[in-house]
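Worksheet for the structure shown next.
The values are calculated or read from the model by the stated rules, or taken from the named source; none is laboratory data. No experiment lies behind these values; they were computed from the predicted model shown. Cβ atoms come from the backbone with ideal geometry, glycine included; neighbour counts cover every protein chain shown.
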Amino acid sequence: MFYKLLNMLDKKVSFVTVSAKSTFKTYDPLSMQLAVLTMIRNTDLISELQHKPYLTINEQNHYTQLLETKLDNCYKINLEFVLLLNLLRQDLPQKDLMSVDALLAETFINAELNCHQMDKELSRSLLLTVNKLVEIYWRSRGVKTYFAKCNAPIDQSLCIRY
């Protein structure tokens, strides 16, 4: 009976289909920035747990989940970095790309170090270099950007396109 009702409804009502295509047909490096922010927060939470003299079983599970999430985000940052690097190589002229090389190397090294260390300052410096890369990327596309302040406890800013 329910099947017949749905068939009758389907014949009388035309449903609208929605396409997932974006009108802004370009890569958005926001996912890379969010991965860095998540990694910063995970580093803060892990360091809080490390300072406790004793961890309960729930805290040990939480600690393990935080480490896994941090490593997943490091992996995501590396993948997004390669994609952003390829897009910058396509968009920037050779003379401008040479000046970006040092920033690219610093970003890659910081991302790798963040995978293996629990240093807040290193994570924050990674966000700064990623923001610089994102700003260069959007500038190469002719898109205006601004810096949006993140709320506490991270207290950093992100380069966002208008």
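Of the residues V13, V36, only one is among the aliphatic types (A, V, I, L, M), out of contact with any Lys or Arg (no Cβ under 8 Å at 6 or more places or on another chain) and at pLDDT below 85; which? Even if it seems obvious, please write down each step before you answer.
Values: V36 fails: at pLDDT below 85.
Sole residue among the options that is among the aliphatic types (A, V, I, L, M), out of contact with any Lys or Arg (no Cβ under 8 Å at 6 or more places or on another chain) and at pLDDT below 85: V13.
With the condition kept exactly as written, say whether any residue in region 129-143 is closer than 17 Å to T43 by Cα and touching a residue at least 40 places away in the same chain (Cβ under 8 Å).
Looking only at region 129-143, we keep the residues that are closer than 17 Å to T43 by Cα, and these are none.
The answer is no; no qualifying residue exists.
With respect to the numbered conditions (1) of a type in the set (F, W, Y); (2) more than 13 Å from V130 (Cα to Cα); (3) at pLDDT below 90, which one is the sole condition not fulfilled by F108?
(2) is the only condition that F108 fails.
Under 7 Å by Cβ, and 6 or more places apart or on different chains, what pairs join a residue from region 74-93 that is under 13 Å from Q33 (Cα atoms) with one that is part of a loop (DSSP other than H, G, I, E, B)?
Close Cβ pairs satisfying both conditions: E80/P29; L84/P29.
So, in region 144-162, of the ones that are touching a residue at least 40 places away in the same chain (Cβ under 8 Å), assigned to a loop (DSSP other than H, G, I, E, B) and not β-branched (V, I, T), which residue ends up farthest from L79 (Cα to Cα)?
Of everything passing the filter in region 144-162, P153 is farthest from L79 (Cα to Cα).
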